[in-house]
Amino acid sequence: MTDTVKYLLDEEKLPKDWYNIVPDLPRSPEPVLHPGTMQPVGPQDLEPLFPMALIQQEVANERAIEIPEPIRSVYRQWRPSPLYRARRLERALDTPARIYYKYEGASPAGSHKPNTAVAQAFYNKEAGVRRLTTETGAGQWGSALAFAGALFGLEVRVYMVRVSFDQKPYRKAMMEAWGAQCVASPSSETEAGRRILAEHPESPGSLGIAISEAVEIAAQHADTKYSLGSVLNHVLLHQTVIGQEAMAQLEMAGDYPDIIVGCTGGGSNFAGIAFPFIGAGLRGGPKPRIIACEPSACPTLTRGKYAYDFGDTGHLTPLVKMHTLGSTFVPPGFHAGGLRYHGMAPLVSLIQELGLIESRAYTQIACFEAGVQFARIEGILPAPEANHAVRGAIDEALRCKEEGVSRTILFNLSGHGHFDMQAYIDNMAGRLEDRAYDEAQLSAALADLPPVAAE
Ligand SMILES: Cc1ncc(COP(=O)(O)O)c(C=O)c1O
């Protein structure tokens, strides 16, 4: 009997294709609508914002999409990422469960985000784009795009949600070290930002607001395109290298997951680990239970409505069908900045509607308890977002113990928390609060959904 702790794949085992779940789904995704005409958007409607190669991936129907070699060559720096068996955690919990985690924190930016940042920078460069604009919540995405922009010679301008901007000055420094610019959002640089500031001068910001700012600038400049770190089909597609690698690594371990856990902000790391397994199940293979873990202060999948909505607060984006809390919903400030988004990826939303996944909401204090426990046992200090997945995985392992059943649990440790130390300082000092969202604000935001939602 071996005591293997990490399962490593050779570089040549890096996936050659991204996996597109769409052809395996029993129902096609709903079309993206133009908010003026309520008609499905065409590629030309999206062209001011994205290069054609990414628009094509957004609506692709083939199961496998080849990863261009220049992207694979950058991936090779940290991919295939390690799969760990959390043997010490299993012993500490005294659980019969076998717990594995895929660690995405070894990338240069510290999370899964470079998997799509590198791809997006590559396709934009190929299309002759000079500059990219984007939003960032946790700072992980902004850092990832800054890194990718540096590699491919693109200027990058990042609108960082105000509350995270104040909590994490070193994320800004990191983006600037890679040559990007980072601005607190809402800012006075854009119409969308000025409108919010006029009404709420102390606004903590939100991903929905920061997206409006980045989209506005991209739409106004021919040499500039917009880049999104989650939610869209092509972003989820790029993240599927995670699940494909995990599948091969579990095969090395002679195991297969009964349960897969991921945290959900816009849905990309969750889709990255889960979609290849869901697809295998839809094609006749085993069907693990799949659990999405979200913050109870921004409970998109557990409390949101499945409806057409804007992707941003300023209503500059097309309408997508997704679980949403309403585009004007601004969650209270909490430390998992990457999970403070009012919507959820349309594909993740659809698979929840199809009953292929479960979702659950956790408070921030419960998540930090799990994160600190994990750090003290396994050593890695998770990002506050990833703590939601750690909480979910530990809860499932404890359930195995209660029921006396051994199950295989796989979770995605989407990033490290080395730039999130203010959160850990607050936690250690007992200053973390579980602030509930404002029910009246949620009702108002949901009442404000675009009319097509009522159909
Ligand atoms: C480490 C980490 N995990 C998870 C997320 C949530 O995003 P997504 O749901 O797209 O994976 C973020 C977002 O910033 C993040 O930084």
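Restriction of the trypsin sites (Lys or Arg not before Pro) in segment 244-328 to DSSP coil positions whose beta-carbon has at most 16 other beta-carbons within 10 angstrom yields 283. Model label sites at residue 127 and residue 3, defined 7 Å from Cα along the beta-carbon direction, differ in position by 5.2 nm.
Here segment 236-368 is treated with +1 on each Lys and Arg Cβ and -1 on each Asp and Glu Cβ, and its dipole about the Cα centre works out to around 300 debye.
Of the trypsin sites (Lys or Arg not before Pro) found in segment 1-44, those that fall in a DSSP loop while having at most 11 other beta-carbon atoms within 10 Å are 27.
If you plug the beta carbon distance of residue 403 and residue 377 into 1/(1 + (r/R0)^6) with R0 = 35 Å, you get a FRET efficiency near 0.95. Taking the three principal axes of the alpha carbon atoms in segment 314-427, the coordinate ranges are 46, 36, 19 Å, sorted in descending order.
Cα convex hull, the chain: 133 Å³ per residue, rounded to a whole number.
With one equal scatterer per alpha carbon and no solvent term, the Debye-computed log10 I(q)/I(0) for segment 70-226 at 0.18, 0.20 1/Å reads -1.00, -1.15. Normalised by 2.2 N^0.38 Å, with N the number of residues, the alpha-carbon radius of gyration of segment 1-156 equals 1.28. Electrostatic tally near residue 208: other residues with Cβ closer than 12 Å to its Cβ, Lys and Arg +1, Asp and Glu -1, net -3.
Cross-link pairs exceeding 24 Å in C-alpha to C-alpha distance, out of 13/113; 172/225; 6/113; 16/102; 172/305, comprise 172/305.
Ellipsoid semi-axes for segment 154-236, based on the Cα gyration tensor and the rule √(5λ), read 19, 17, 13 Å when sorted largest first.
The residue list 428, 302, 129 was ranked by how far each Cα lies along the charge dipole of the chain toward its positive end, using unit charges on Cβ atoms, and 428 comes out on top. For segment 55-136, the set of GluC sites (Glu not before Pro) satisfying both a DSSP loop assignment and a count of at most 15 other C-beta atoms within 10 Å is given as 62.
The heavy atoms of residue 252 present about 100 square angstrom of accessible area, all protein chains included, probe 1.4 Å. Size descriptors for segment 134-288 (Cα atoms only): Rg and Dmax, in that order, 18.5, 59 Å. Each Lys and Arg Cβ is given +1 and each Asp and Glu Cβ -1; about its Cα centre, the chain then shows a dipole of about 820 debye.
Gain on full extension, evaluated as 0.36 nm per residue between residue 56 and residue 438 minus their Cα-Cα distance, stands at 133.6 nm. The distance between label points at residue 191 and residue 429 comes to 4.2 nm (points 7 Å beyond Cα on the Cα→Cβ vector).
The values are calculated or read from the model by the stated rules, or taken from the named source; none is laboratory data. Predicted model, so just to flag it, every value in this text is computed and none were measured. In this analysis, Cβ positions are derived from the backbone assuming ideal geometry, glycine residues included, and neighbour counts consider all displayed protein chains. In case anyone asks, the SASA skips ligands and DNA or RNA and just uses the protein heavy atoms, side chains included. Shrake-Rupley method; radii C 1.70, N 1.55, O 1.52, S 1.80 Å.
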